[in-house]
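The values are calculated or read from the model by the stated rules, or taken from the named source; none is laboratory data. Everything numeric in this text was worked out from a predicted model, so none of it was measured. No Cβ is skipped: glycine too gets one built from the backbone with ideal geometry, and neighbour counts run over all protein chains shown. To get the accessible areas, we keep the full protein, side chains included, count just its heavy atoms, and leave off ligands, DNA and RNA. Shrake-Rupley method; radii C 1.70, N 1.55, O 1.52, S 1.80 Å.
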Amino acid sequence: MKIGAITIGQSPRVDITPEILEYMGNVEVIEAGGLDGLNKEDIAQFKPAQGDYVLISRLKDGSSAVFAERYILPRLQQCIYDLEEKGARLIVFYCTGEFPQFHSNVPLLFPDAMLKGAVPSLASDRSVIIVTPVPEQIEQSQAKWDCIPNVISIAASPYGAWEELEAAAESLRGTDAGLLVLDCMGYTKKMKALFAEKTGAQVVLSRTLMARLIGELVY
């Protein structure tokens, strides 16, 4: 089965696809990116302003960029058209952000919807910590997860230095949170293990949750 994968940054996502293929079954993944074909000077023009919905993603050279969602929506729609033309039978977004409706002739799968369906039931009455990449996203993260009574969002980028992630995880040691959500597709299985070891909480990893659900659709 051929599936499309859209990153809001630049494709291919060599940091994501190889790690999740084992959960998706017999699939061929074809990729496209909302920032494909742009250089850093181009992307710098997409800098968020006050009130913008803030996104962050990986670039092809391994660095990351922060930008406003509004600038890339037409480019994401074109990614959908391109992947459909290449034969994708369903398309998944490599991003846990919230997006408006797109036009597509095949199913579109959004990790954001998957997380919102799973996390509240997993949380029960426990306190929940949401880890989001950058401080500019904390306010929108709190708004996104206001369906959970006891939730707090912190920032720790999956695209920065490992020592910064360790420090963020260590700062959570001793908290009473029973569930921790790594709310970005950039977080890896190694990062999940780090947060689990430091906090003692159960940890939800966005990329593997998404991949396991895709596996349910593949035969």
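Looking at (1) modelled with pLDDT under 95; (2) touching a strand residue (DSSP E or B) at 6+ places or on another chain (Cβ under 9 Å); (3) more than 28 Å from Q50 (Cβ to Cβ), which is the one condition that is false for E216?
(2)
Touching a helix residue (DSSP H, G or I) at 6+ places or on another chain (Cβ under 6 Å) and over 28 Å from I152 (Cβ atoms) - does that describe any residue in segment 130-138?
Filtering segment 130-138 down to residues touching a helix residue (DSSP H, G or I) at 6+ places or on another chain (Cβ under 6 Å) leaves 130, 132.
Checking the rest, the ones that are also over 28 Å from I152 (Cβ atoms) come to none.
The answer is no; no qualifying residue exists.
Name the single residue that is farthest from the chain's Cα centre (by Cα) among those in segment 94-109 being under 26 Å from Q140 (Cα atoms) and of a type in the set (S, T, N, Q).
It comes out as Q101.
As an exercise: evaluate I214 against (1) within 26 Å of M1 (Cβ to Cβ); (2) in a strand (DSSP E or B) and give the number of the one condition it does not meet.
Against the list (1) within 26 Å of M1 (Cβ to Cβ); (2) in a strand (DSSP E or B), I214 comes up short only on (2).
Go through segment 87-105 residue by residue and tally those that are open to solvent by 30 Å² or more (accessible area, probe 1.4 Å) and touching a residue at least 24 places away in the same chain (Cβ under 8 Å). Full working, then the answer.
Quick first cut of segment 87-105, residues open to solvent by 30 Å² or more (accessible area, probe 1.4 Å) only: 87, 89, 98-101, 103-105.
Still in the list and also touching a residue at least 24 places away in the same chain (Cβ under 8 Å): 87, 89, 98-100, 103-104.
Residues meeting the conditions: 7.
Within segment 122-173, restricting attention to residues that are open to solvent by 20 Å² or more (accessible area, probe 1.4 Å) and in contact with a Phe, Trp or Tyr (Cβ under 8 Å, 6 or more places away or on another chain), which residue is nearest to Q202 (Cα to Cα)?
V151
Please give the number of the condition S57 fails out of (1) under 23 Å from G160 (Cβ atoms); (2) touching a Phe, Trp or Tyr at 6+ places or on another chain (Cβ under 7 Å).
(2)
Being hydrophobic (A, V, I, L, M, F, W, C), within 17 Å of the chain's Cα centre (by Cα) and either in a loop (DSSP other than H, G, I, E, B) or over 30 Å from N150 (Cα atoms) (or both) is the requirement here; does I91 meet it?
Yes: the conditions hold for I91.
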